[in-house]
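The values are calculated or read from the model by the stated rules, or taken from the named source; none is laboratory data. Computed from a predicted model, the values in this text were never measured in an experiment. Please note: Cβ atoms are built from the backbone with ideal geometry, for glycine as well, and neighbour counts cover all protein chains shown.
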Amino acid sequence: MKTYIDTGKKDTRSGFGAGLTQLGKTNEHVVALCADLTGSLKMDAFKANHPERFFQVGIAEANMMGMAAGLTIGAKIPFTGTFANFSTGRVYDQIRQSIAYSGKNVKICASHAGVTLGEDGATHQILEDLGLMKMLPGMTVINTCDYNQTKAATIALADHHGPVYLRFGRPKVANFTPENGSFTIGKAVELQEGTDVTIIATGHLVWEALQACKTLKEQGISAEVINIHTIKPLDGAAILKSVAKTRCVVTAEEHNYLGGLGESVSRILAENNPVPQEFVATQDTFGESGTPDQLMEKYGLNAAAIVRAATKVVARK
């Protein structure tokens, strides 16, 4: 069994900031736009180093998306930055019409997603953004698990042509993927080999899945853990290869079970190899105010919930 070490908790939004800072130095086509949240999105260094390529649009997210779409016509690669709720729900029409419909090369970078936003409450804790964005034709959807992976993903986006939604978070979480590791859009990462159950996780739930794997091993259950950082395009081949061996699946995400990773996995299974599946996700509900840990516990988004789901699905085989 592989061992993964938390090298020191870091927030994934800082990984985005670090990646954007590096891109500023290496790619002159990269520009950044922010909706009055430069500090929260960790875009300060890019702004300081390249003021001529940074656009503070204020609290005008719809205008930001239109500006980003227009900048692509001049061969720029725009990275927009604001909270996930304002990056999707507030500006869905502008994204659909100005970016997705014409395949504009805009990178929509969204922080403070999910219930781990914490005390800001339900109005800011969007839990439907992955579903909204994956339904847009041609939109790539990425949800990274830690600082290192978010930095790598941000850098990789500049070489990918087409609209992308990159989702990350506010709290400091375990940082366990390789420093300066490679990032391949659409390619799942197998973290643990197992034979009894496949655990497919994304975002903050990847570390929780690894912790669950340890507990399951103590219970005599061998779990395979797969990090799905790209929700769309989904690595169906990796999923089917795993379930051919384990014959059951748990999906884990900090998102509504309707429209998220779990439903995408269900479609792959239904079309190719139907097996039992359990969902670790929010159950068609809004969030509420509380600390990230309190909310992850209440809504069943942690290692203990994954263990319960895995035990249940193994019994269903």
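Within the stretch 143-195, the set of residues being under 18 Å from Met133 (Cα atoms) and among the aliphatic types (A, V, I, L, M) comprises Ala153, Leu157, Val164, Leu166, Ile185.
Here's the yes/no breakdown for (1) crowded, with 17+ Cβ neighbours inside 10 Å; (2) within 21 Å of Leu117 (Cα to Cα):
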position	(1), (2)
Lys2	no, no
Lys10	yes, yes
Leu20	yes, no
Glu28	no, no
Thr38	yes, yes
Arg53	yes, no
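Which condition breaks for Glu278 when tested against (1) charged (D, E, K, R); (2) within 18 Å of the chain's Cα centre (by Cα); (3) outside any helix (DSSP H, G or I)? The number of the failed condition is (2).
Looking only at residues of the stretch 40-51 that are among the hydrophobic types (A, V, I, L, M, F, W, C) and in contact with a Leu (Cβ under 9 Å, 6 or more places away or on another chain), we find that the one that is surrounded by the fewest Cβ atoms within 10 Å (Cβ to Cβ) is Ala45. When Thr88 is tested against (1) β-branched (Val, Ile, Thr); (2) crowded, with 23+ Cβ neighbours inside 10 Å; (3) closer than 19 Å to Phe46 by Cα, just one condition goes unmet, and that condition is (3). Just so you know, in the stretch 271-304 the residues that are of a type in the set (Ser, Thr, Tyr) and surrounded by 14 or more Cβ atoms within 10 Å (Cβ to Cβ) include one that is nearest to Thr123 (Cα to Cα), and it is Ser289.
I'd like to check something: does the stretch 166-180 contain any residue that is of a type in the set (Asp, Glu), in contact with a helix residue (DSSP H, G or I) (Cβ under 9 Å, 6 or more places away or on another chain), over 18 Å from Gly236 (Cβ atoms) and surrounded by fewer than 23 Cβ atoms within 10 Å (Cβ to Cβ)? Looking for residues that are of a type in the set (Asp, Glu), in contact with a helix residue (DSSP H, G or I) (Cβ under 9 Å, 6 or more places away or on another chain), over 18 Å from Gly236 (Cβ atoms) and surrounded by fewer than 23 Cβ atoms within 10 Å (Cβ to Cβ), one finds at least one in the stretch 166-180, hence yes.
Residues in the stretch 33-69 that are touching a Ser or Thr at 6+ places or on another chain (Cβ under 9 Å) and over 23 Å from Asp93 (Cβ atoms): Ser40, Lys42, Met43, Asp44, Ala45, Phe46, Lys47, Asn49, Phe54. Among residues of the stretch 50-62 that are at positive phi, those with a Cβ under 7 angstrom from a residue that is surrounded by fewer than 18 Cβ atoms within 10 Å (Cβ to Cβ), sequence gap 6+ or separate chain, pair up as Gly58/Asp36. Kindly provide the set of residues from the stretch 135-156 that are touching a helix residue (DSSP H, G or I) at 6+ places or on another chain (Cβ under 8 Å) and assigned to a helix (DSSP H, G or I), ordered by number. Within the stretch 135-156, Tyr147, Asn148, Gln149, Thr150, Lys151, Ala152, Ala153, Thr154, Ile155 qualify. Among the residues that make up the stretch 157-178, is at least one of them over 26 Å from Ala62 (Cα atoms), in a strand (DSSP E or B), modelled with pLDDT of 95 or more and not charged (D, E, K, R)? Checked the stretch 157-178: at least one residue is over 26 Å from Ala62 (Cα atoms), in a strand (DSSP E or B), modelled with pLDDT of 95 or more and not charged (D, E, K, R). Residues satisfying the criterion are absent from the stretch 35-51 (criterion: within 18 Å of Tyr165 (Cα to Cα), touching a helix residue (DSSP H, G or I) at 6+ places or on another chain (Cβ under 9 Å), assigned to a helix (DSSP H, G or I) and at pLDDT 95 or above).
Being under 21 Å from the mean Cα position of the chain (by Cα) and either in a helix (DSSP H, G or I) or modelled with pLDDT of 95 or more (or both): is that true of Phe86 here? Criteria met by Phe86. Residues in the stretch 288-317 that are over 19 Å from Thr202 (Cα atoms) and in contact with a Leu (Cβ under 8 Å, 6 or more places away or on another chain): Glu288, Thr311.
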